[in-house]
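Peer 1: First the structure, which I've put down as structure tokens, then a few questions once you've had a look.
The values are calculated or read from the model by the stated rules, or taken from the named source; none is laboratory data. Computed from a prediction, not measured in an experiment: that's the story for all the values here. Here the Cβ positions follow ideal geometry from the backbone for every residue, glycine too, while neighbour counts run over all protein chains shown.
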Amino acid sequence: MDLQGKTVLVTGGTSGIGRATAERFAEAGANVIVSGRDQARGDQVAKEIERDGGHARFIAADLGSRDGARKLAQAAGPVDVLINNAGVFPFAPTHETTTEQIEEVLQINVAAPFELTATVAPGMAERGDGAVINVSTMAASFGLPGTAAYGASKAALELLTKVWAAEYGPQGVRVNAVAPGPTRTPGTDVMGDALDDLARTLPLGRPADADEIARTIVFLASDDATYVNGAVLPVDGGRTAV
């Protein structure tokens, strides 16, 4: 896929799905802005992308702060593609979930994508072209014990995907989401065998690799998906089929 010269902002881009996505966009010719909280790790990711012949830079951002998203958007400048990937996923029964955890999940998983999109999408609309891809989860679509705060936040993001598609689509900005199933990343390492146990319930019977999710994200941003708008695309090994 050719995304030559496009500027792509990937939040949570220093590891897991975000890093794989940044690498895939760079391979497609895009100028990638990698964002995350860890300056050293972010600089390393950008350096490795450059070493492999891509174009990348890192912008440190704390999306857990109330003004973090707008500061990131201002530092990034005009972008052609926004990937709202950064997220937190505390797993706990509802009665054990703290107020602080709820506030953090809503800030990072809902408010930050809202602020970023509100800041960058009008510029895309003015130019008549752009794409926003939100990273959701299969847990937004069914009741999985222990995912009340996380699943609810991603269900909100899926609704925002549809609203933004309706708001910005007439100006040439496509807004879509991917809903991954169990995916092997540094962030899911803490799940241990539970990740494989969950994956065995899927028709494909295995966890996804981060690059499998990344390739779908790049597809949605590319000219191969010019008539896809407002969609939530399951990338879940067939979970939606059973």
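Peer 1: Out of the residues in the range 109-129 that are under 13 Å from the mean Cα position of the chain (by Cα) and either surrounded by fewer than 20 Cβ atoms within 10 Å (Cβ to Cβ) or not hydroxyl-bearing (Ser, Thr, Tyr) (or both), state the one that is nearest to residue 65 (Cα to Cα).
Peer 2: Result: 112.
Peer 1: Now, a different point. Keeping to the range 184-221, report how many residues are within 18 Å of residue 83 (Cβ to Cβ) and either at pLDDT 85 or above or surrounded by 18 or more Cβ atoms within 10 Å (Cβ to Cβ) (or both).
Peer 2: 15
Peer 1: Hey, another quick one. Identify all residues within the range 1-33 that are closer than 18 Å to residue 183 by Cβ, in a loop (DSSP other than H, G, I, E, B) and not small (Gly, Ala, Ser); write none if there are none.
Peer 2: Matches in the range 1-33: 11, 14.
Peer 1: Out of the range 216-230, which residues are touching a residue at least 60 places away in the same chain (Cβ under 8 Å), of a type outside the set (A, V, I, L, M, F, W, C) and in contact with a strand residue (DSSP E or B) (Cβ under 9 Å, 6 or more places away or on another chain)?
Peer 2: 222, 229, 230
Peer 1: Sticking with this structure for a sec: So, of the residues in the range 78-100 that are among the β-branched types (Val, Ile, Thr) and touching a Phe, Trp or Tyr at 6+ places or on another chain (Cβ under 9 Å), which turns out to be surrounded by the fewest Cβ atoms within 10 Å (Cβ to Cβ)? Before the answer, list the steps.
Peer 2: In the first step, residues of the range 78-100 are kept if they are among the β-branched types (Val, Ile, Thr); the result is 79, 81, 83, 88, 94, 97-99.
Cutting the leftovers down to touching a Phe, Trp or Tyr at 6+ places or on another chain (Cβ under 9 Å) gives us 81, 83, 88.
Values: 81: 27, 83: 33, 88: 17.
By that ranking, first place goes to 88.
Peer 1: Does the range 34-69 hold any residues that are closer than 20 Å to residue 164 by Cβ and either in a strand (DSSP E or B) or over 17 Å from the mean Cα position of the chain (by Cα) (or both), and which are they?
Peer 2: 35
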